[in-house]
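Coordinate-derived values only; no laboratory data. The structure presented is a predicted model; accordingly, all values stated were derived computationally and were not measured. Note that we place each Cβ from the backbone using ideal geometry, even for glycine, and neighbour counts take in every protein chain shown.
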Amino acid sequence: MKKHSEINRREFFKNASLAGAGLILSSGAAIASTSSNEEVLPSLPTRKLGPLTVTGLGLGCMSMVSGTYNPTPPKDEMIAHLRKAVEMGVTFFDTAEVYGPYGSEELVGEALEPFKGKITIASKFGFEIQNGRRMGRNATPESIKKVIDGSLKRLRVEAIDLYYLHRMDPNVPVEDVAGAVKDLISAGKVKHWGLSEVSPATLRKAHGELPVAALQSEYNMAERVVENQILATCEELGIGFVPWGPTHRSFLTGRFNEYSRFSSEDRRSQLPFFSAEGFGQNMGFLRIVRKWSQQKGITMAQFSLAWLLAQKPFIVPIPGTTSPQHLAENLGALSVKFTAAELAEIRKEMEPYQIMGVRAPETAFIDQ
Ligand SMILES: NC(=O)c1ccc[n+]([C@@H]2O[C@H](COP(=O)([O-])OP(=O)(O)OC[C@H]3O[C@@H](n4cnc5c(N)ncnc54)[C@H](OP(=O)(O)O)[C@@H]3O)[C@@H](O)[C@H]2O)c1
């Protein structure tokens with residue numbers, strides 16, 4: 001591995017233990033020794049997303065640039081954070097043309113260039129971007145074949161490992177999108193494709209045209225729409241599932257409460273879930289998360305990620321974080337195990353809870 005990317009192991013171990021991620025080292029991943037007693041970097045457990053093999057947790061790179069939750073973090077810190085993630089064993093990174101716009105792809109491209117070929121980068125297309133602003137949807141074949149070149153350049157790769165349709169364009173049949181991506185695969189610009197927030201019917205149609213590696217949709221303990229036939233469709237067709245928002249934008253980590261206030265730039269300030277009324281109704285749900293985390297001896301973030309991992313073996317959550325400590329903590333979820341009885345009991349406790357600000361189950365059948 002290149003010199004500039006050498007791990008500061010002392011710092012990693014400090015972060016890991018601070019955040020409770022000693023779990024990773026005890027059972028989930030191995031810190032092996034070579035015959036010369038030189039440490040080998042941790043290797044994390046992997047999972048399959050269709051034909052792809054990636055670490056059981058990926059890293060979401062949306063909030064590393066402006067426009068989502070936190071103020072924009074310093075670029076050099078995010079570059080170091082991304083490189084440290086690789087050093088910790090993460091091989092799966094999630095970005096999109098529209099994050100920034102463009103900034104997240106640029107950051108990921110610059111930070112991860114030294115690891116080209118050793119990691120999996122996913123990006124997304126399908127929004128019209130004008131004057132640095134996201135406009136409506138645009139997934140016409142002409143647009144897809146045009147925007148790919150910008151993404152490749154920003155990501156500094158010859159081919160995108162996993163290229164998702166970010167949202168269905170109501171004016172373009174999914175067969176046409178599949179046809180355009182097929183051409184990109186033939187041209188060597190894309191390796192695999194995926195979709196985001198589509199119905200089981202659209203997913204099935206898309207897969208019939210061109211085998212889909214992964215579906216990426218919102219899923220976490222609070223927001224469980226995809227349990228209504230979407231996960232079952234993935235299972236039946238051999239498609240991987242990538243939950244975005246796996247901590248429900250940090251709610252499930254226990255970081256916020258009814259006294260939390262979000263700045264107007266923070267996307268959460270516009271969501272009913274995070275309003276005073278939402279907190280009033282939803283805080284009680286955290287009692288379940290807290291109780292089980294304490295019982296398992298793990299943090300709430302680890303519990304909510306481990307719960308997702310326990311739902312299906314083809315699930316790979318991509319928690320977004322700008323914090324190396326949070327990343328180390330989150331990776332600890334990879335070594336948490338549940339018994340079938342525990343999973344049944346958790347579900348029994350959470351299912352009756354009426355959460356405010358999440359989607360109704362029937363929305364699963366609509367392309368979002
Ligand atoms: N396909 C889509 O339509 C779609 C939509 C949204 C997002 N995504 C992708 O999914 C990724 C994740 O989704 P998301 O960022 O919306 O939701 P998320 O991962 O559930 O939540 C991100 C938030 O959680 C915080 N966080 C992470 N780990 C934490 C921990 N251990 N303790 C406390 N707080 C923690 C982060 O803050 P810190 O930075 O302070 O850690 C950040 O504010 C994104 O980065 C993006 O790549 C896709």
With a Förster distance of 35 angstrom and the Cβ-Cβ distance between Thr46 and Arg347, calculated FRET efficiency to the nearest 0.05 equals 0.85
Cα principal axis extents for segment 222-368, largest first, Å: 42, 38, 31
Cα centre as origin, Lys/Arg/Asp/Glu Cβ charges: the chain dipole, Debye: 580
Report the calculated FRET efficiency for Ala232 and Glu77 (r = Cβ-Cβ distance, R0 = 41 Å), to the nearest 0.05. 0.50
Taking only C-alpha pairs under 8 Å that are 6+ residues apart, what is the relative contact order of the chain in percent? 21
Between Arg287 and Lys145, what FRET efficiency follows from the Cβ-Cβ distance if R0 is 35 Å, with the result rounded to 0.05? 0.10
Positive minus negative residues near Leu203 (Lys, Arg vs Asp, Glu; Cβ under 12 Å): -3
Using Cβ contacts closer than 10 Å as the measure, can you line up Cys234, Cys61 from fewest to most? Cys234, Cys61
By counting other Cβ atoms within 10 Å of each Cβ, how are Ser104, Ser263 ranked from fewest to most? Ser263, Ser104
State, to one decimal in nm, how far the label point of Ser186 lies from the label point of Arg133, with both points 7 Å from Cα in the Cβ direction. 3.8
Normalised alpha carbon radius of gyration of the chain [divisor 2.2 N^0.38 Å]: 0.96
Projected label distance in nm at Asn257 and Ala360, using a 7 Å step from Cα toward the beta-carbon: 3.4
